[in-house]
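Every read-out reported here was derived from the displayed coordinates using simple, explicitly stated rules and does not represent laboratory data. Small disclaimer: the values here were computed from a predicted structure and weren't measured. Glycine gets a Cβ as well: all are built from the backbone with ideal geometry, and neighbour counts include every protein chain shown.
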Amino acid sequence: MQCERCGSLMALGAETAHNGRFLCRECHLDVLSPSGVCEPWTLQSSRRSLNDIQRRILTCLKAGSASLAELAAGLPMGEPDLERELGGLQRMDLVRVARKGGTKVFRRTT
Ligand SMILES: [Zn+2]
């Protein structure tokens, strides 16, 4: 299954539930101690390496959360490609996964 915070794949049974979200071990530790030392660095360096699509995704999410299908409707790419870019944004902690009425939606962290 996939970590809902960073999007990394993990073995079934390795996930940790935290406030209703399934997190990998690293993210769970991160959440428990929010003052992670490496995070500001990751964020800073990753902002520079956003590609055009990722920028457009972030622009789309400015108005609020959106599902994969909603994002795909507004962007010139298929859902698998979009999912890959969203995975990248999640690893940079710029986008997070949430649930809205049983649907998986993406929202910006800032
Ligand atoms: Zn994680």
- Sorted by chain and then number, the residues having a modelled amide H within less than 5 Å of the amide H of Ser67, at least 5 places away or on another chain, are Phe106
- Query: Once you treat every alpha carbon in segment 45-98 as an equal point and sum by Debye, what is log10 I(q)/I(0) at q = 0.13, 0.23, 0.29 Å⁻¹?
  - Reply: -0.26, -0.86, -1.40
- Among residues other than Asp52 whose Cβ falls under 13 Å from its Cβ, what is the net charge (Lys/Arg +1, Asp/Glu -1)? 0
- How many nm is it between the label spots at Arg107 and Leu12, if each spot is 7 Å from the Cα in line with the beta carbon? 3.0
